[in-house]
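The structure under discussion appears below in the form of structure tokens.
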Amino acid sequence: MDSLTIKHANAMPAPTWGWLRMNDTQIEIPMSLAPGGSMEVEAEDRLFDHAMSFEGAVAELQARLDAARAAADEDSTGDDRACVRAALAENAARNAAADSAAEMPGTAETAESGSASAPTSNLELPALSRYQKRASLEEAALDVATAFETGIGADARAYLNFLARETMVLAAAKDTQERATIRVEAEAGEAAAASIDIVAAPGSTFDLVVALDATAAMGADDAAAALAGTTLRVFAGSHARVNVTVYALGTPAAKLLDDEGYVLDEGARVNVRHVVLGGELTVTGLAADVRGDTARLDIDTRYLASGSEQRDFNYVVRQRGRKTVSNMNANGVLTGTSKKVLRGTIDLVHGCKGSEGSEQETVLLASEGVDNKTVPTILCDEDDVAGNHGATIGHVRPEQLFYLESRGVSAEAAEALFIRAKLEDAALTAPDERIRASVLRLGEALIPGFTDDIDAPKEDAA
């Protein structure tokens, strides 16, 4: 076996676009890669002396949700929707069939095939798709830990945890302001990863910077494979503020995996910024459980793909709390024969009254050979909500290229202008000088002389 294959990565929750084969992807990881690389953490020692783990924070939230549900059930009959009753009935029938199969082996095939379903005499119960059944059971269980997910998926998370060997927990105490920087660097022939839990206690502010860097071999051995990845779980407590910035940079043969999962408590504010600039294949996945009322999640994605590179994004935001807000904004440039898929799913779950969700992408196709797929999806099971999505996809027209060529700017030079703009923006807004240096190294490899046109370091230029 030459490679390890992670199937069904970056899968959308409902296979809306399965007929176009855009519902998920698979990741091929060369078996020749040796676990190695480096992982650095820049953080105050007090962040490691955590009093609360991610699981502990989720359990505390669960206790409050259970208490609130118990109080509400005293005055109501609970969730009596037909879809929930159908899912529970089908689940009970399947369990009963499985128990019967255990006692009578001859019935095992029937139970396994799933032919047991809701009682046929109850014609009021609707037939449910696989997604509807799973969603209904999650809503009925109201179990935060079971519903938790990360964007790329469980298999990718397991692989990254294996590479990382242990999970690092950074926790901010109540009403404090903290920051941390995590760097995962892989050289040619190496696979490096970090597993990180962030717990922001109520009222705290946490700024996190993650650098996935596989540019060390840039210019020396661009064809050598490397992998850098991170799997991140974030719990944003009541009225906490969490800001996450991720830079993904690599050689044309590197693979970069960014797997993230978030839980937002009441009034929490989370801002996520993804800057994806280099690598043969980059897979970015984010899943968020916006559980608390009035919580808000904003995602800003900037990307560049050149040559034959591939970009694969998957964002799944489930808004469960009332009056929650989510915004996804993406802006990118595709050149050469590059490919990109961006899946954005906003799930307005039953009960999230007064919530709003929006997703927007702007992408420039700088050459005719690119392959762009934008997959916006809004799932809705609530009436008092607002969901919006849109995409602006533009390309450089032949007459525009002719105009540039008539003034001495070749098609290759015009394409380089778009690449330069993305790289310059990333360099000027880089969180620190090490990340900025990696952006410049990548820029120099794509556009000779790129670093000569960049001004002094950011703090000096200010």
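The values are calculated or read from the model by the stated rules, or taken from the named source; none is laboratory data. All figures in this text were calculated on a predicted structure; none of them were measured in a lab. Cβ coordinates were reconstructed from backbone atoms using ideal geometry, including for glycine residues, and neighbour counts include every protein chain displayed. Calculation scope for accessible area: heavy atoms of the full protein, side chains included, ligands and nucleic acids excluded. Shrake-Rupley method; radii C 1.70, N 1.55, O 1.52, S 1.80 Å.
Looking across the range 290-311 at every residue that is assigned to a strand (DSSP E or B) and open to solvent by 10 Å² or more (accessible area, probe 1.4 Å), the one that is farthest from residue 156 (Cα to Cα) is identified as 296. One residue stands out among those in the range 358-389 that are among the charged types (D, E, K, R) and closer than 20 Å to residue 135 by Cβ: the one that is surrounded by the most Cβ atoms within 10 Å (Cβ to Cβ), which is 359. In this structure, residue 315 does not satisfy being surrounded by 20 or more Cβ atoms within 10 Å (Cβ to Cβ), in contact with a Phe, Trp or Tyr (Cβ under 9 Å, 6 or more places away or on another chain), aromatic (Phe, Trp, Tyr) and modelled with pLDDT of 95 or more.
Could you please let me know if residue 184 is of a type in the set (Val, Ile, Thr) and either without any contact (Cβ under 8 Å) to a residue 60 or more places away in the chain or more than 24 Å from residue 3 (Cα to Cα) (or both)? No: the conditions fail for residue 184. The set of residues in the range 277-289 being touching a residue at least 40 places away in the same chain (Cβ under 8 Å) and assigned to a strand (DSSP E or B) consists of 281, 283, 284, 285, 286, 287, 289.
On inspection, residue 392 fails the criterion of being open to solvent by less than 10 Å² (accessible area, probe 1.4 Å), more than 19 Å from the chain's Cα centre (by Cα) and modelled with pLDDT under 95.
Across the range 411-444, the qualifying residues are those that are buried (at least 17 other Cβ atoms within 10 Å of the Cβ), more than 25 Å from the chain's Cα centre (by Cα) and among the aliphatic types (A, V, I, L, M), and the one among them that is modelled with the highest pLDDT is 440. Comparison of 227, 137 shows that the only residue that is buried (at least 23 other Cβ atoms within 10 Å of the Cβ) and out of contact with any Cys (no Cβ under 6 Å at 6 or more places or on another chain) is 227. The residues on offer are 57, 43, 82, and the sole one that is touching a residue at least 24 places away in the same chain (Cβ under 8 Å) and within 30 Å of residue 279 (Cβ to Cβ) is 43.
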